[in-house]
Amino acid sequence: MNLPKQASGKFIKDKNTKQIRNSIEQYNPIQSNPMASLLHLPFFFLLSLALYLPQPGETLSIRRGSSGGGAFSVADYGAAGDGRSYDTVAIQAAIDACARSGGGRVVVPAGGDYLTATVFLRSGVVLEVERGARLLGGTREGDYPPESARWYVVLAEGAEGAGITGGGEINGQGGAFVVRRSERKNVMVSWNATGECEGDECRPRLVGFIDSKDVRVWNITLNQPAYWCLHLVRCDNSLIHNVSIYGDFNTPNNDGIDIEDSNNTVITNCHIDTGDDAICPKSSTGPVVNLTATNCWIQTKSSAIKLGSASYFDFRRFLFDDITIVDSHRGLGMQIRDGGNVSDVVFSNIRISTRYYDPLWWGRAEPIYITTCPRDSTSKSGSISNILFVNISSVSENGVFLSGSRHGLLNNIKFKNVSLTYKRWTNYTGGLYDYRPGCQGLVNHSTAGMMMEHISGLEIENVKMRWSKMSSKGWDNPLLFRPSTVDKLSFHDWQSNVY
């Protein structure tokens, strides 16, 4: 499928779908009855998603610049592909030549391991790492720019129409950054001697797009990042499709996909198996608006989906649909800590399995974890409102955790057609609620099927809780809340039983 590009930068299939897209963009989900309008969101999100994706038998491609469109092999510019000598100069030369010609493909040929320092993508350039080829990130601090904010193996800055594809692999060689291996949590190297960054998170990311438009990443494997894997910063109109992400399960901070201050993003058909958060929207310098993630498989030692914890600006109009979450520390999460607000989010058709891991990792096996509280004494409280969970099933070692704060309530939360099964199968200690980062930290607390505090407006419709006879010890209540902090509760066809 060839996606023609309009002057506005939007990608469409034909005139009819352009009319549909216009109607979607004019649609305002914030009406007088927010929860009623929220129920319409899945249709509009999925319809907009359909405009991006290839149909059966089609492949995704991008129209090249009018004056270019050729293929530039890095081998023709001197890349050895032997995995030992650096091919940075050759790869960058091919990218720059492609950009000068008006755009096209830079081909990393099959059969080689191409070691590189940071390479910079340009507008209209698609990096095509062929199946059987590996692009290897350097492991020396000198392989990356002086500014830690630009530490990526592949980086696009201010680009339009840049992309990555090809069926091959980009590998960050994350194992080289492990100082001491531990089944609890690896201890990682920290390049913080220069003061460019602080703490133990001073390591290079794998792929980044900063201040870019019309980003396309598809049909590629991103493997073993030392830090965050795929990072979108202040980007607009991005598609991530059929991407496989693999990170060391014991390595902290190797997030799968971080969507930071970026708008109009679609993530689909992705496989993410990593140690830290898998899909993670963050708002540091601006809001995050219009995010759709669908048809993904996730396993993580942290949160499968997490909003935050960087949350200085708002999150609006998100859809997460048809997602499988396996043996993760948390399923669906929000950690709002910095005053930003969340509104109009739909989680639909999601299958969740959560279990305990070591308490060194944030999380206590909650299938759903929605929290807002100030990070510290200098932070503000944000609100979370108009959230719908529909057609959700989970098997978990802990209950649902819904926690607002005195000045940051949870408003208009709805659970519809939800099945929650509780049982224990690990030996980690229960009886703890995890408010980290900040707030109250880890708190001893009786365990409930659903814990609620500081909520105004919670609707439960056709929700079933099931408890395993063999592992129900320590579960005190199906529902636990203080009436003084929770109001406007509505229950329709709620069941709780032992099996």
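Computed values, structure above
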{"quantity": "In region 477-495, the residues that are surrounded by 13 or more Cβ atoms within 10 Å (Cβ to Cβ) and over 16 Å from residue 392 (Cα atoms)", "calculated": "477, 478, 479, 480, 481, 485, 486, 489"}
{"quantity": "Residue match in region 169-192 (condition: within 20 Å of residue 237 (Cβ to Cβ) and surrounded by fewer than 22 Cβ atoms within 10 Å (Cβ to Cβ))", "calculated": "no"}
{"quantity": "Subset of region 223-241 [outside any loop (DSSP other than H, G, I, E, B) and over 14 Å from the mean Cα position of the chain (by Cα)]", "calculated": "223, 236, 237"}
{"quantity": "Any hit, region 420-427, residues being free of Cβ contacts under 8 Å to residues at least 24 places away in the same chain and not charged (D, E, K, R)", "calculated": "yes"}
{"quantity": "Unmet requirement for residue 356, which otherwise passes all of (1) part of a strand (DSSP E or B); (2) buried (at least 20 other Cβ atoms within 10 Å of the Cβ)", "calculated": "(1)"}
{"quantity": "Selected residue (only one of 278, 226 is of a type outside the set (Asp, Glu) and farther than 23 Å from residue 338 by Cβ)", "calculated": "226"}
{"quantity": "Residue count for region 81-111, restricted to those that are open to solvent by less than 20 Å² (accessible area, probe 1.4 Å) and either not assigned by the TED database to the domain that holds residue 163 or not hydrophobic (A, V, I, L, M, F, W, C) (or both)", "calculated": "4"}
{"quantity": "Residue satisfying condition, being modelled with pLDDT of 95 or more, charged (D, E, K, R), under 12 Å from the mean Cα position of the chain (by Cα) and open to solvent by less than 10 Å² (accessible area, probe 1.4 Å), within set 344, 255", "calculated": "255"}
{"quantity": "Criterion: open to solvent by less than 30 Å² (accessible area, probe 1.4 Å) and among the hydroxyl-bearing types (Ser, Thr, Tyr) - qualifying residue of 419, 396, 377", "calculated": "396"}
{"quantity": "Criterion: more than 24 Å from residue 328 (Cα to Cα), modelled with pLDDT of 95 or more and buried (at least 18 other Cβ atoms within 10 Å of the Cβ) - qualifying residue of 462, 412", "calculated": "412"}
{"quantity": "Any chance residue 396 is over 27 Å from residue 361 (Cα atoms) and at pLDDT 95 or above", "calculated": "no"}
{"quantity": "Residue among 454, 445 that alone is without any contact (Cβ under 8 Å) to a residue 40 or more places away in the chain and under 22 Å from residue 381 (Cβ atoms)", "calculated": "445"}
{"quantity": "Residue satisfying all of: in region 330-341; under 25 Å from residue 250 (Cα atoms) and small (Gly, Ala, Ser); surrounded by the fewest Cβ atoms within 10 Å (Cβ to Cβ) among these", "calculated": "333"}
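The values are calculated or read from the model by the stated rules, or taken from the named source; none is laboratory data. Owing to the predicted nature of the structure, the values given are computational and were not obtained by experimental measurement. Don't worry about glycine lacking a Cβ; one is built from the backbone with ideal geometry, like all the others, and counts go over all protein chains shown. Heavy atoms of the whole protein, side chains included, go into the accessibility calculation; ligands, DNA and RNA do not. Shrake-Rupley method; radii C 1.70, N 1.55, O 1.52, S 1.80 Å.
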